[in-house]
Amino acid sequence: MTPTDGPLHVAIIMDGNGRWAKQRGLPRTFGHREGVKALKRTVAAAPDLGVTALTVFGFSTENWRRPMAEVSELMSLLKVYVESDLDRLVRENVRVRVIGRRTGLKPDIVEVIDRAEARTAHNSRFLLQVAFNYGGRADIADAARRFAEEVEQGRAKAADLDEALFEQHLSTADAPPPDLIVRTSGEQRISNFLLWECAYAELVFQDVYWPDYGPEHLKAAIAEYRARERRYGGAASDDVLAAG
Ligand code: IPE
Ligand code: IPE
Ligand code: MG
């Protein structure tokens with residue numbers, strides 16, 4: 001199956017803020033602030049490129065290992081982003097979802113997340129998922145725990161568990177799986193992002209630091225995706241034709 005012009009869920013590992021800053025002799029936090037501008041540009045450009053859902057990796061469960069000052073900066077940037085952009089997102093009919101663990105986040109951050117989700121809950125033109133305090137393994141473990149609790153409470157049966165039912169317990173249950181996962185900065189790894197959901201995503205790695213990212217980069221990544229053939233375990237389409 002060739003990727004068509006149909007609905008497109010793009011997920012982005014926004015990487016390279018620290019190296020962008022280092023290159024300029026600036027503290028890493030400057031890179032993160034510039035990264036927010038790149039996020040705004042990318043969100044604004046996505047719908048016109050045929051994207052219907054965008055998931056961005058903002059803070060991983062492993063990013064707590066960074067120096068405290070950097071962690072606080074990353075936490076406050078989520079707040080800054082939501083506070084400066086929420087009215088616009090509401091106007092533009094964007095639904096905002098924040099996936100990841102709420103536990104461990106300060107109450108003011110949780111309040112901002114809840115407000116963004118509540119104010120945009122009924123929006124339908126575009127889905128923006130922000131992975132924040134998110135880890136793919138943590139999300140799978142949390143889903144397993146939630147299902148186990150339902151079994152303990154007699155609300156579910158272990159024998160009924162299949163992939164579709166399990167998926168409903170993930171924090172991404174409301175969204176289709178990503179079609180395309182982009183990572184910037186030249187690193188080529190998943191770093192615990194959307195582990196379950198990435199099963200058949202196309203991966204594109206771009207050699208640009210996240211603060212320099214913009215619509216033209218997203219356009220290029222989507223063009224690369226559109227040129228791929230997605231097989232989902234089947235045979236290549238020209239082989240199928242040849243085999244008659
Ligand atoms: C990505 O940039 C932002 C987050 C992880 C939050 P990095 O901070 O990882 O930048 P590099 O990889 O050190 O350059
Ligand atoms: C992944 O990037 C997390 C985010 C982009 C939020 P990292 O920079 O934390 O990943 P590693 O450490 O290079 O694998
Ligand atoms: Mg990094």
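The values are calculated or read from the model by the stated rules, or taken from the named source; none is laboratory data. Being a predicted model, the structure only gives us computed values, none of them experimental. When we count neighbours, we look across all protein chains shown, and the Cβ atoms used for this are built from the backbone with ideal geometry, even at glycine. Side chains included, ligands, DNA and RNA excluded: accessible areas come from the protein's heavy atoms. Shrake-Rupley method; radii C 1.70, N 1.55, O 1.52, S 1.80 Å.
Which ³J(HN,Hα) values, rounded to whole Hz and listed in residue order, are derived for region 44-53 from phi using the Karplus coefficients 6.51, -1.76 and 1.60 in 6.51 cos²θ - 1.76 cosθ + 1.60 with θ = phi - 60°, glycine and proline given as x?
5, 7, 4, x, 5, 9, x, 7, 10, 9
Once you have the alpha carbon radius of gyration of region 4-121, what is it after dividing by 2.2 N^0.38 Å, with N set to its residue count?
Normalised Rg, Cα atoms only: 1.11.
What ranking do 34-43, 66-75 get when scored by the average of other Cβ atoms within 10 Å per residue, highest first?
34-43, 66-75
Run the reach check for LYS79 against lysines, Cα to Cα strictly under 23 Å, same-chain hits fewer than 8 apart removed. What comes back?
Answer for LYS79, where 23 Å is the Cα cut-off: LYS37, LYS40, LYS106, listed by chain and number.
Hey, what number do you get for the chain at 222 nm if only DSSP H runs of n ≥ 4 count, each worth -39500 (n - 2.57), divided across all residues, to the nearest 500?
-13500 deg cm²/dmol
Leaving out ligands, DNA and RNA, what percent of the accessible area of region 1-100 is carbon and sulfur, probe 1.4 Å?
C and S fraction of accessible area: 55 percent.
Region 87-102 to region 181-202: how many Å between their Cα centroids?
If you average the Cα positions of each part, the centres end up 22 Å apart.
When only C-alpha pairs under 8 Å and at least 6 residues apart count, what is the relative contact order of region 89-157, in percent? Present the calculation step by step, with values, prior to reporting the outcome.
On the way: 70 pairs, mean separation 28.3, N = 69.
So the answer I get is 41 percent.
Using only the alpha carbons of the chain, determine the length spanned along each of the three principal axes and report them from longest to shortest in whole angstroms.
Rounded to whole Å, the extents work out to 60, 49, 36 Å.
Say a paramagnetic label sat at a point 7 Å from the Cα of ALA243, along Cα to Cβ; which residues of region 190-213 have their backbone N under 12 Å from it?
none
First measure r as the distance between the Cβ atoms of ARG101 and GLU229, then evaluate 1/(1 + (r/R0)^6) with R0 = 41 Å and state the FRET efficiency to the nearest 0.05.
Details: r = 36 Å, r/R0 = 0.89.
Efficiency computed from Cβ-Cβ geometry: 0.65.
Suppose the chain between ALA236 and ARG88 were pulled fully straight at 0.36 nm per residue; how much longer would it get relative to their current alpha carbon spacing?
The span from ALA236 to ARG88 would gain 48.9 nm if fully extended.
If you filter region 83-179 for trypsin sites (Lys or Arg not before Pro), then keep DSSP loop positions with at most 11 other Cβ within 10 Å, what is left?
ARG125, ARG155, LYS157
Amide H to amide H under 5 Å from ILE181: which residues, 5+ apart in sequence or cross-chain, H placed 1.01 Å off N in plane?
ALA11, GLU202, LEU203, VAL204
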